[in-house]
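Each remark here refers to the structure printed beneath this line.
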């Protein structure tokens, strides 16, 4: 039976790092058996399936008036999954799905290794952290024995893209700078709206790849210099390879992928969610010198000016590219894999 159960959901940011750790485990321990547990979202299940891994789903409740009854149901379902999979250790990446699973694991004396990607923990990870045997962190949070600063794991494929393949996919024809706009796996309406309002001004300066998010739209134009898509899987590494500048939310996973590729980034954090973790992530990223913080309230007024400032100064972009790599932890996946291996018989 599988030795490790990877748990996480609510976004690809809770799943992609687990895939990175899985890759490191397979290198260390060929034939290691694992299983993924995520929410029923098609975005998540498709991502896991296309990476070739076994998975189960759990419909876990968010806070609401019906939470107590829904949580009891989710807890029982989580227990059934644990009794079927029988993992030796849980690797929890957070999200509300992790709470009933890790609570059930605690009552079965199954050790839990938690990974906190962000610079501040959300409610779910604070709960799971009380039950965890070991807590790995993407940012340096604490120094006691329970905590290990590993950095944020990134899939190896993320750095394997080529500009030539990116040009083929997008159909771009020139050697103009390329702006990559990504609002996270669920998209960002505010960023999409600002891009739609200023697309003609942006296209005067660069070609634009715009990842809008599932079910969300980009600029209402047809232009060979503008490539919108709802979501990028196999294409994403090639987009990274050709990007001279990025506009992004401040999710820890996305920042880690931009950092390992050395892409100067304008970060637009989503405010007042999850203990304002994106703002804290953005502030930490800006301190490296590799990112510029643009508040969402200033998007309409400052977007074009900020992009033009970066694109018009090659030396600035080069400096930012070198600095943002400070957020990259090349050995994060391997370090976490070694920690997990300590719990395997």
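Taken over the range 229-258, the residue count meeting the criterion of being surrounded by 21 or more Cβ atoms within 10 Å (Cβ to Cβ), more than 13 Å from the chain's Cα centre (by Cα) and assigned to a strand (DSSP E or B) is 3.
Checking every residue in the range 298-310 against the condition of being modelled with pLDDT under 95, out of contact with any strand residue (DSSP E or B) (no Cβ under 9 Å at 6 or more places or on another chain) and in a loop (DSSP other than H, G, I, E, B) gives zero matches.
Could you list, in sequence order, the residues of the range 134-152 that are touching a strand residue (DSSP E or B) at 6+ places or on another chain (Cβ under 6 Å) and either in a loop (DSSP other than H, G, I, E, B) or at positive phi (or both)?
Residues of the range 134-152 that are touching a strand residue (DSSP E or B) at 6+ places or on another chain (Cβ under 6 Å), as a first pass: 134-137, 140, 146-150.
Within the range 134-152, 140, 146, 150 qualify.
Given the condition farther than 22 Å from residue 317 by Cα and surrounded by fewer than 16 Cβ atoms within 10 Å (Cβ to Cβ), answer yes or no: does some residue in the range 178-185 qualify? No, the range 178-185 contains no residue that is farther than 22 Å from residue 317 by Cα and surrounded by fewer than 16 Cβ atoms within 10 Å (Cβ to Cβ).
Within the range 29-61, being free of Cβ contacts under 8 Å to residues at least 60 places away in the same chain, in a helix (DSSP H, G or I) and surrounded by 18 or more Cβ atoms within 10 Å (Cβ to Cβ) holds for 44, 45, 48.
Residues in the range 318-344 that are crowded, with 16+ Cβ neighbours inside 10 Å and free of Cβ contacts under 8 Å to residues at least 60 places away in the same chain were compared, and the one that is nearest to residue 291 (Cα to Cα) is 320.
If we scan the range 8-17, do we find a residue that is closer than 17 Å to residue 339 by Cβ, in the same structural domain as residue 112 (by TED's automatic domain parsing) and in contact (Cβ under 8 Å) with a residue 60 or more places away in the chain? There is at least one residue in the range 8-17 that is closer than 17 Å to residue 339 by Cβ, in the same structural domain as residue 112 (by TED's automatic domain parsing) and in contact (Cβ under 8 Å) with a residue 60 or more places away in the chain. Residue 264: buried (at least 23 other Cβ atoms within 10 Å of the Cβ), in contact (Cβ under 8 Å) with a residue 60 or more places away in the chain and not assigned by TED's automatic domain parsing to the domain that holds residue 46, yes or no? So residue 264 passes the test.
So how many residues does the range 163-186 have that are under 17 Å from residue 311 (Cα atoms) and either modelled with pLDDT of 95 or more or assigned to a strand (DSSP E or B) (or both)?
If we filter the range 163-186 for residues that are under 17 Å from residue 311 (Cα atoms), which is where we start, we get 174-181.
Still in the running and either modelled with pLDDT of 95 or more or assigned to a strand (DSSP E or B) (or both): 177-181.
Residues meeting the conditions: 5.
As for the range 190-210, it holds at least one residue that is over 19 Å from residue 243 (Cα atoms), in the same structural domain as residue 256 (by TED's automatic domain parsing) and under 21 Å from the mean Cα position of the chain (by Cα).
A quick yes/no check of all residues on (1) in contact with a helix residue (DSSP H, G or I) (Cβ under 7 Å, 6 or more places away or on another chain); (2) more than 23 Å from residue 291 (Cβ to Cβ):
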{"site": "175", "(1), (2)": "no, yes"}
{"site": "188", "(1), (2)": "no, no"}
{"site": "210", "(1), (2)": "yes, no"}
{"site": "252", "(1), (2)": "yes, no"}
{"site": "263", "(1), (2)": "yes, no"}
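Total residues in the range 76-97 satisfying the condition of being in contact with a strand residue (DSSP E or B) (Cβ under 8 Å, 6 or more places away or on another chain) and outside any helix (DSSP H, G or I): the figure is 9.
The values are calculated or read from the model by the stated rules, or taken from the named source; none is laboratory data. Only a predicted model underlies this, so the values are computations on that prediction, with no experimental measurement involved. Positions of Cβ are backbone-derived with ideal geometry, glycine not excepted, and every protein chain shown enters the neighbour counts.
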